[in-house]
1. Considering only the stretch 278-295, I want to know if a residue exists there that is acidic (D, E) and either closer than 19 Å to P125 by Cβ or surrounded by 15 or more Cβ atoms within 10 Å (Cβ to Cβ) (or both).
2. Would you check which residues across the stretch 1-53 are within 18 Å of the chain's Cα centre (by Cα), of a type in the set (S, T, N, Q) and farther than 22 Å from Q86 by Cα and list them?
3. Do we find that S242 is among the hydroxyl-bearing types (S, T, Y), in contact with a helix residue (DSSP H, G or I) (Cβ under 6 Å, 6 or more places away or on another chain) and surrounded by fewer than 19 Cβ atoms within 10 Å (Cβ to Cβ) in this structure?
4. If you go through the stretch 207-239, how many residues are assigned to a loop (DSSP other than H, G, I, E, B) and buried (at least 16 other Cβ atoms within 10 Å of the Cβ)?
5. Looking at the stretch 183-206, which of the residues that are open to solvent by 40 Å² or more (accessible area, probe 1.4 Å) and part of a strand (DSSP E or B) is nearest to A223 (Cα to Cα)?
6. Restricting attention to the stretch 259-294, report how many residues are in a loop (DSSP other than H, G, I, E, B), touching a Leu at 6+ places or on another chain (Cβ under 9 Å) and closer than 21 Å to L156 by Cβ.
7. Could you please give the count of residues in the stretch 46-70 that are under 25 Å from L110 (Cα atoms), of a type in the set (A, V, I, L, M, F, W, C) and either open to solvent by 50 Å² or more (accessible area, probe 1.4 Å) or not in a helix (DSSP H, G or I) (or both)?
Amino acid sequence: MSVIENSKLTVVGAGSVGASVAYAALIRGSARHVALYDIATEKVEAEVLDLAHGTQFTGSSDIVGGSDVAVAEGSHVVVITAGAKQNPGETRTELAATNAAILRDMMPQLLEVAPHAIYVIVTNPCDVLTVLAQEATGLPAARIFASGTVLDTSRLRWKLAQRAGVATSSVHAWIVGEHGDTEFPLWSTATIGSVPITEFDLPGGGRFDQDELDAIAIDVRDAAYKVIQGKGATNYAIGLSSARIVEAVLRDEHAILPVSTVLQGFQGIDGMALSVPSIVSASGAVPLAGTPFSDAERTLLHRSAAALTSVASSLR
């Protein structure tokens with residue numbers, strides 16, 4: 001049961017990602033009330049109607065929506081997916097200028113109707129947009145954060161589980177840093193069950209070596225590009241992972257998820273949003289300060305920060 005029993009989630013953007021977030025939230029029962037907001041009236045009304053027609057089968061959740069920002073009024077969580085989508089061959093950071101302008105225009109309107117909400121940014125490049133949105137709104141860093149590498153971490157765990165012949169939930173490994181091309185796994189603390197990743201006996205014999213782990217990391221990093229090339233967008237998995245973040249907030253779970261908050265004094269990084277294991281609750285997201293990094297991993301985290309800082313600086 002949700003801590004906020006009459007909980008409300010608003011999803012901003014009725015494209016393939018936003019509709020998938022709303023759908024996942026409905027079927028998982030992530031919130032009592034789900035709203036979908038988009039300035040494209042005909043599109044958002046059609047998506048809401050399609051979703052509403054299935055609410056007999058979604059338990060206690062219901063859905064409303066439209067092109068008036070008032071549909072977000074009283075939201076406890078707002079998930080922002082609105083923006084230009086990533087095209088085949090396009091990097092997330094190439095989307096930055098267009099989507100930064102959209103977000104800057106939208107945030108004051110949303111804050112007016114949902115001043116106490118937790119804001120989760122899914123629109124890419126989500127790390128840079130989180131920094132710009134936090135600066136523009138003055139919200140505490142805990143209350144405005146990105147979905148970050150929650151999905152990338154799920155991709156990693158799925159790949160490792162397939163190779164190891166275990167359930168995905170038994171793999172404990174994290175993708176951190178940018179949600180994008182400089183992301184990387186925390187191999188130094190990765191385990192399968194209680195066994196360190198490089199000591200796990202694989203089906204058929206042998207163990208993971210560094211070359212195989214490096215190849216898996218590349219596959220995870222590039223997974224979105226492969227999906228986009230084949231079907232035009234990633235939507236189902238990001239919908240599910242976003243719904244999971246919403247649940248951690250609305251149920252005050254204090255769950256540890258690799259969301260992206262604006263870091264202050266984390267491994268020597270200040271002022272940039274990067275994904276690290278964070279405690280997600282009704283208060284928002286707080287980085288887990290004791291997360292261990294090897295020297296090499298710390299270097300990679302700073303590389304991520306430097307890459308994104310240059311993009312954010314160009315948009316200020």
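1. Within the stretch 278-295, none of the residues are acidic (D, E) and either closer than 19 Å to P125 by Cβ or surrounded by 15 or more Cβ atoms within 10 Å (Cβ to Cβ) (or both).
2. Correct list: T10, S30.
3. no
4. Residues flagged as assigned to a loop (DSSP other than H, G, I, E, B) and buried (at least 16 other Cβ atoms within 10 Å of the Cβ) within the stretch 207-239 amount to 4.
5. The qualifying residue nearest to A223 (Cα to Cα) is P196.
6. So the answer is 7.
7. Selection size over the stretch 46-70: 4.
The values are calculated or read from the model by the stated rules, or taken from the named source; none is laboratory data. Because the structure is predicted, anything quoted here is derived from the model rather than measured. Cβ sites come from the backbone with ideal geometry, for glycine too, and all protein chains shown count toward neighbours. Each accessible area value is taken on the protein alone, full model and side chains, heavy atoms only, with ligands, DNA and RNA left out. Shrake-Rupley method; radii C 1.70, N 1.55, O 1.52, S 1.80 Å.
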